[in-house]
Amino acid sequence: MLDYDLEAEHYDETRGGLPRAGAAADAVRRLVSGGTLLDIACGTGLVTRELAGRGLRVFGVDASAGMARIAAGRVDVVLGDARTLPVRDGSVDAVTTIWLLHLLDDARPVIAEAARVLRPGGVFVTTVDKRAAHGTGGRREPSDRAGLVVEEAARHGLRPSGETRFVGHGQSRSSPDPVFRLMAFTRD
């Protein structure tokens with residue numbers, strides 16, 4: 001896994017920058033109607049800032065001090081672990097995990113935390129099946145497999161409520177750029 005403290009300074013320029021962030025934010029906005037949004041693993045805050053520019057009240061949390069330092073110049077952010085969020089139960093309207101679950105050995109604690117901090121009727125939006133967007137490689141059983149995410153979300157009172165896709169501008173190792181899948185889940 002990458003050292004995100006070291007990657008922070010160059011992360012945006014090597015990951016599609018503003019075009020990628022804008023595409024991700026537009027896709028999230030198609031699935032989230034409004035309110036306060038928590039962006040878990042917000043990284044440099046580029047996507048989070050784009051979400052704020054689309055009418056959401058946003059704040060982020062990231063475990064990397066380097067990423068959070070850059071994000072702090074863009075949005076409200078705190079250092080924190082996605083498995084034990086520093087956020088009250090039932091306090092946000094939406095939670096996002098964009099390009100996070102595929103990095104984890106076990107996504108279940110993060111999905112549980114997303115459900116915990118959502119208000120009833122709140123929406124959890126996450127990228128799923130990232131390996132499929134890039135082709136072969138990666139973990140044998142990636143933790144962002146749609147089936148696994150749907151199953152775990154259901155265990156925490158989250159039901160599927162929408163889906164969309166967006167282009168990962170600047171993410172291709174070859175042409176064309178990958179298309180990422182986003183799934184939304186609503187808390188009962």
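Could you list which residues have their amide H under 5 Å from that of Gly35, counting only those 5 or more apart in sequence or on another chain, with H placed in the peptide plane?
Arg57
Quantify, in whole percent, the carbon and sulfur part of the accessible surface of the chain (1.4 Å probe; protein heavy atoms only).
Answer for the chain is 49 percent, counting heavy atoms of protein chains only.
Would you kindly state how much longer the chain becomes between Ala154 and Ala65 on full extension, computed as 0.36 nm times their sequence separation minus their alpha carbon distance, in nm to one decimal? It would help to have the intermediate numbers written out before the result.
Values: separation 89, 0.36 × 89 = 32.04 nm, distance 3.22 nm.
Gain in length upon complete extension: 28.8 nm.
May I ask you to give the solvent-accessible area per residue for the chain, in square angstrom, as obtained with a 1.4 angstrom probe?
Spelled out: the 1.4 Å probe surface of the chain, per residue, equals 47 Å².
Which distance in nm do the two modelled labels at Glu7 and Asp89 give, with both placed 7 Å along the Cα-to-Cβ direction?
If labels sit at Glu7 and Asp89, their model points lie 3.4 nm apart.
To the nearest 500 deg cm²/dmol, what mean residue ellipticity at 222 nm is calculated for the chain from DSSP H runs of n ≥ 4 alone, each contributing -39,500 (n - 2.57), summed and divided by the residues?
Computed mean residue ellipticity for the chain: -8500 deg cm²/dmol.
Scan region 1-95 for trypsin sites (Lys or Arg not before Pro) in coil per DSSP, keeping those whose Cβ has at most 13 other Cβ atoms within 10 Å, and list them by number.
On the way: sites: Arg15, Arg20, Arg29, Arg30, Arg49, Arg54, Arg57, Arg69, Arg74, Arg83, Arg88; in loops: Arg15, Arg54, Arg74, Arg83, Arg88.
In loop regions of region 1-95 (DSSP not H, G, I, E or B), the sparsely surrounded trypsin sites (Lys or Arg not before Pro) are Arg88.
Efficiency by 1/(1 + (r/R0)^6): what FRET value for Glu141 and Asp26, r their Cβ-Cβ distance, R0 = 22 Å, to the nearest 0.05?
0.10
With the chain treated as a Gaussian network of Cα nodes joined by springs under 10 Å, which of Gly60, Gly122, Gly157 yields the largest mean-square fluctuation?
Gly157
Report the far tail of the P(r) of the chain, meaning the percent of Cα-Cα pairs longer than 28 Å.
15 percent
Add +1 for every Lys or Arg and -1 for every Asp or Glu among the other residues with Cβ under 10 Å from the Cβ of Leu79, and state the total.
Residues near Leu79 contribute -1 overall.
The values are calculated or read from the model by the stated rules, or taken from the named source; none is laboratory data. Everything quoted here is computed from the prediction, not taken from an experiment. As a convention, Cβ positions derive from the backbone with ideal geometry for all residues, glycine included, and neighbour counts pool all protein chains shown. Keep in mind that these areas ignore ligands, DNA and RNA; they rest on the heavy atoms of the full protein, side chains included. Shrake-Rupley method; radii C 1.70, N 1.55, O 1.52, S 1.80 Å.
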